[in-house]
Amino acid sequence: MPELRTEPLVVNFGPQHPSTHGVFRMRVVLDGERVVDVEMAMGYLHRSMEKLAEERTYTQNIPFTDRMDYLSAMTGNLAYCLAAEKLAGIEVPERAQYLRVIFAELQRIANHGMAIGIFLNDCGAWQTPVMYMLREREKVLDLFEMTCGARLTTNYMRIGGVSFDIPEEFMPQATALVEELPDRIAEYEGLLLENEILQARARDTGILPADLAIASSVSGPVLRSTGVAWDIRKADPYCVYDRMEFDIPVGYQGDNYDRLLVRMEEMRQSVRIIRQALEQLPPGPFKTDIPLALRPPVGEAYARIESPKGELGFYLVSDGSPTPYRFHVRSPSLLNLTPLKEMTVGQTVADLVVTLGSIDINLGEVDR
Amino acid sequence: MTPPGPLAPWYDFRDLSNAVERLLSWLSDIGPDWLVYVVSAVIGGTAIFLFVAATAVANIWVERRVVARIQVRRGPNRAGPWGLLQPIADMTKLMQKEALLPRAGDPVVFLLAPILAFGPALLVWGVFPFGKGMTFVDLNVGVLYIIAVTSVTTIVLFMAGWSSNNKYSLLGAIRVIAMLLSYEVPLVLALLGVVLFAGTMSLSGIVAWQHDMRIWLFLVQPLAFVIYFICATAEINRTPTDIAEAESEIVAGYHTEYSGIQFGLFYAVELVNAMALGAIAATLFFGGWWLFGLDRWIPGWMIFIGKVYLIYFLLIWLRGTLPRLRIDQLMAFAWKFLLPLALVNIMVGALEVLLWVEYDLSAGLVLPVFSVVNLSLAVLLVVGWMRFMAFPFHRLPSRARLVHDIPVVAPGAPAGGAA
Amino acid sequence: MTVGLEHYLVVGGLLFAIGLYLALAKRNAIGILMGIELMLNAVNLTLVAFSRFIVAPRPIDGQVFAVFVITVAAAEAAVALALVVAIYRHRQTIDMNRINLLRW
Amino acid sequence: MDEPGVVAAFWVLTVTAVGSAVMVAAVRNLLHAVLFLVLSFVGVAGLYITLSADFVAVVQVLIYAGAIAVLMLFAIMLTPRAARDNADGIFWAPALVLAGLMATTIGLIATRTEWAVSDRGPFSQTASAIGEALLDPFVLPFEVASVVLVAAMIGAIVIVREE
């Protein structure tokens, strides 16, 4: 399309903007509708968590992990607890491991539901998909609430297990949800993935080549959408994922539509995992006792999990005191965001917004 | 003006025009000539203004409730029974808010724009036949008048966007102009098909034609309706085509900087315009106040408003269902999809009218045949042209590939090392 | 008081004069174009006024001419504004005093 | 034409059209000038309605206010901020004199001439009459006009298109 040569328009996208998912800011240079340059500015939600964590005991740090990716608190808890257990050499009872898997996968369903809904909001669907997705997420959050009393900032995982055992009404509700969800997901697939307008908007926009994705250490659904089959649950199994039977959904060329496809299918695979975990859930203790002021031996540990957004890793260094010497987070949102410029330059503003939505960042995790 | 019907006393409220006719004939008996004009202008103007204002207020509630139903929630239900007082609460809130003025903007144009935006939205309503004989101004060029008045909106929206001195507003204004100009063309061509058959541009004439022929123009010109509906949706910035105020992209487009009651005016204009779209479609394609003889028992204006609300519901449904297209896709849709179809529609319509007039065929025989032909042609054209022009999405995969096994790194070993 | 043909002709003359002033005096190419459009409008007004008042075998002709003038005005505006944009692109100005490529 | 309504409308519309035309020349901001021009166009459209030329009036609003003014706005947007003033050039004084002379001449001619005014009254149906005139006696100019429009459209695209 030949264009008029016009003056470049510098637009300040955010931090107050309906679709930057929080307080993310971009300095976008536009030529008419076309994006010429994107410069990201992060740090508007920086809360200095990594430094604060050095002043608190290992157990006191768990609530911080809730507030990093506040849409998937369970996986944040889980990754941190795995790192602390690795550092201190703590064995986790089998029932706790299963519970962790169940809750992590429930969290993945809730998170992907939100991600898909908000992505469609960015595409301009006027709140409807997000409302339907919230309906499913609500059921997941009900399960969280009946187990640990909180819905968003669950603070559920503990070093050495989980904080509460599931109540007796959990099993029937979870089973019902697991029975219901595949139909729902199929319905949403029919409604969303085959929508012509959505395909026109999402296909061939925001393309992320596989080599660029690997080079910028992108992970999670964004990486899988580029065609790279990589999932820490299979590549480096933690908890009891090696006993579960599931597939890794992989995209084709890494465009926005592929990311949507991958998330949609991951929800279904999560349901599969939950069903197996619910069936295999063994009786027994749900946590091991650890000293209140845990003093891990001097050393370092890095544990990583497949969070809904990608590889979430915690790197802990202990100097033998009750507080960590170093507390570092490898947050998937931040690293998935880095190739944004390469994904969007040359496309329109509308594509920029859609691409940002499809990466599924969480500003709490980007800035920490 | 039609003379008052023989069996219509002025208190017969099935048809409000009786009462007005009675009043006017009484006035012309007792008063000078100009008094009739003044009184009828005042009555009609007030009635239309009140109607538009009332629908704008009511539609706040209607739209929010219906969209809420579509979105599996309840919608406003706190203020009054079923939330009926919600519009009043909304308006009170908007009026109390401070009307901000951007410092580097153009204050006069900025303040004028929301007021001027109401002008076209209100003026359009002057020509609709609400019932038999219930037309405020029965213009001979009614259809063209509607197109002309709505096209002025472009400038007003541009004024709003430009005077805000905000980059989002400017982008919105440019999008408005580009989109309205593009969609004006197929819209006019679609309405031309209607005028071709009805043989008049007067709206009451078109309704009378449908009444006399006992057929809806929608049946005779289905393709024209589809094209008109899509174009008009674009013209009033409703969701599949609301790029001019695309919330997720350019915040609120041309009315980003507006607050308080000025924003409220834009909001009301949007609702009134949606109703006007419904009114145009109801008049031109669905027989206006006429409903296959049912108008003998139900007042015509009720039928008309009912039809308007049905089409308005269609708009809300669209809004609750579809995502938004990108601007280049919208432009391509107007020029590559709607325009050729509109041209074909005109050609076929002209041929049919020519046949009809040339061989002096009876309308009762010809129109059903034409409607069957046109309906099948419309389906054929839309489906065929879509297949031909659209990207073959259905050939592309719409489900993710599944991979079961991937190489396992040594369990427990930190493969990537410490980050 | 009555309004006749002369009134409309005088209004048309005034509009024409203002358009002439704009076309001659303005430096900006778009300003000049506005003057030309105003002049065309004035001519249209007189045409329509004549068609309403004057004795003629087919009085509607004046309005037909007005329609033609509007058509040509639209075409003219499109081309002229395209020229303005093109000139701006090559010369970085639309000031008519500085667009003097053809001046010896 | 001595109904009080028409007379009042005539004067109001005249003041609108001529006054805003003067403002087009007077205001400094080019965008304001275009907006005043639109107002002037609308005023002239109103004058057409007083002349019972409803078709021409509607076409005037549709084409001038809806299309040409928008084109002008677009042209202004595509040129830089520096070019958005409506200043007079060096020849403003002679232009003013010339315009004044022109107005006087036209005014004198208009008022001094004995026009053959008919009293056939206002038109009742202009759209169909114009349509018949366009397709019967004026069919050749009509076709030529369509060719002119196509040529102008293609020409404008060619001029603006960047190679």
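Yes/no per residue for (1) in contact (Cβ under 8 Å) with a residue 40 or more places away in the chain; (2) part of a helix (DSSP H, G or I); (3) under 30 Å from A:Thr205 (Cα atoms); (4) among the aromatic types (Phe, Trp, Tyr):
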| site | (1), (2), (3), (4) |
| --- | --- |
| B:Ala281 | yes, yes, no, no |
| B:Gly288 | yes, no, no, no |
| B:Leu291 | no, no, no, no |
| B:Ile298 | yes, no, no, no |
| B:Val308 | no, yes, no, no |
| B:Trp317 | yes, yes, yes, yes |
| B:Pro323 | yes, no, yes, no |
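Scanning segment B:215-264 for residues that are β-branched (Val, Ile, Thr) and over 29 Å from A:Thr348 (Cα atoms) gives B:Ile215, B:Val220, B:Ile261.
Restricting attention to segment D:113-146, the residues that are facing chain C (nearest Cβ under 7 Å) and under 20 Å from the mean Cα position of the chain (by Cα) total 3. The criterion of at least 1 residues that are over 20 Å from the mean Cα position of the chain (by Cα), small (Gly, Ala, Ser) and under 16 Å from C:Leu38 (Cβ atoms) is met, among helices (runs of 4 or more DSSP H) falling completely within segment D:6-112, by D:92-112.
Where helices (runs of 4 or more DSSP H) sit wholly within segment A:55-166, those with at least 3 residues that are under 24 Å from A:Val178 (Cα atoms) occupy A:73-88, A:94-122, A:128-148. Within the set B:Leu157, B:Leu170, the sole residue that is within 10 Å of chain D (Cβ to nearest Cβ) and either buried (at least 24 other Cβ atoms within 10 Å of the Cβ) or more than 22 Å from B:Leu339 (Cα to Cα) (or both) turns out to be B:Leu170. Considering segment C:19-32, and only residues there that are touching a residue at least 24 places away in the same chain (Cβ under 8 Å) and either surrounded by 24 or more Cβ atoms within 10 Å (Cβ to Cβ) or at the interface with another protein chain (Cβ under 7 Å from one of its Cβ atoms) (or both), the residue that is nearest to D:Ile49 (Cα to Cα) turns out to be C:Ile30. Being assigned to a helix (DSSP H, G or I) and under 29 Å from D:Ile49 (Cα atoms): is that true of B:Thr135 here? Judged against the criteria, B:Thr135 is not a match. Checking B:Thr92, B:Thr135 one by one, the residue that is closer than 30 Å to B:Gly44 by Cα, surrounded by fewer than 22 Cβ atoms within 10 Å (Cβ to Cβ) and not aliphatic (A, V, I, L, M) is B:Thr92 and no other. Residue count for segment B:37-91 satisfying the condition of being of a type in the set (Phe, Trp, Tyr) and under 26 Å from A:Met131 (Cβ atoms): 2. The single condition among (1) more than 14 Å from chain A (Cβ to nearest Cβ); (2) in contact with a helix residue (DSSP H, G or I) (Cβ under 7 Å, 6 or more places away or on another chain) that B:Met331 does not meet is (1). The residues of segment A:249-281 that are out of contact with any strand residue (DSSP E or B) (no Cβ under 7 Å at 6 or more places or on another chain) and of a type in the set (S, T, N, Q), listed by number, are A:Gln253, A:Asn256, A:Ser270, A:Gln276, A:Gln280.
Filtered by the rule that a residue be modelled with pLDDT of 85 or more and either under 21 Å from A:Ile197 (Cα atoms) or among the aromatic types (Phe, Trp, Tyr) (or both), segment B:224-247 gives B:Phe225, B:Val226, B:Ile227, B:Tyr228, B:Phe229, B:Ile230, B:Cys231, B:Ala232, B:Thr233, B:Ala234. With the condition kept exactly as written, say whether any residue in segment A:79-98 is within 18 Å of the chain's Cα centre (by Cα) and among the charged types (D, E, K, R). No. Can you tell me which of (1) more than 16 Å from A:Asp255 (Cβ to Cβ); (2) surrounded by fewer than 24 Cβ atoms within 10 Å (Cβ to Cβ); (3) at pLDDT 85 or above is the one A:Glu342 doesn't meet? So the condition that A:Glu342 fails would be (1).
Could you please give the count of residues in segment D:6-64 that are without any contact (Cβ under 8 Å) to a residue 24 or more places away in the chain, of a type in the set (S, T, N, Q) and under 21 Å from C:Glu76 (Cα atoms)? Residues flagged as without any contact (Cβ under 8 Å) to a residue 24 or more places away in the chain, of a type in the set (S, T, N, Q) and under 21 Å from C:Glu76 (Cα atoms) within segment D:6-64 amount to 1.
Specify the residue that is surrounded by the most Cβ atoms within 10 Å (Cβ to Cβ); the eligible residues are those in segment C:53-93 that are of a type in the set (D, E, K, R) and without any contact (Cβ under 8 Å) to a residue 12 or more places away in the chain.
Step one: of segment C:53-93, the residues of a type in the set (D, E, K, R) are C:58, C:61, C:76, C:89, C:91.
Still in the list and also without any contact (Cβ under 8 Å) to a residue 12 or more places away in the chain: C:58, C:61, C:89, C:91.
Numbers: C:Arg58: 11, C:Asp61: 18, C:Arg89: 16, C:Arg91: 13.
Per the criteria, the residue is C:Asp61.
When B:Ala252 is tested against (1) touching a residue at least 40 places away in the same chain (Cβ under 8 Å); (2) closer than 19 Å to B:Leu180 by Cα; (3) away from chain A (no Cβ under 14 Å), just one condition goes unmet, and that condition is (3). For segment A:102-135, residues that are within 11 Å of chain B (Cβ to nearest Cβ) and either within 12 Å of the chain's Cα centre (by Cα) or of a type in the set (Asp, Glu) (or both) total 1. State which residue is surrounded by the most Cβ atoms within 10 Å (Cβ to Cβ) when the search covers only segment A:8-31 and only residues that are part of a loop (DSSP other than H, G, I, E, B) and touching an Asp or Glu at 6+ places or on another chain (Cβ under 6 Å). For segment A:8-31, the residue satisfying everything is A:Ser19. Of all residues assigned to segment B:86-98, at least one qualifies as being closer than 30 Å to B:Ser163 by Cβ, in a loop (DSSP other than H, G, I, E, B) and more than 14 Å from chain A (Cβ to nearest Cβ).
The values are calculated or read from the model by the stated rules, or taken from the named source; none is laboratory data. Since this is a predicted model, take the numbers as computed values, not measurements. Positions of Cβ are backbone-derived with ideal geometry, glycine not excepted, and every protein chain shown enters the neighbour counts.
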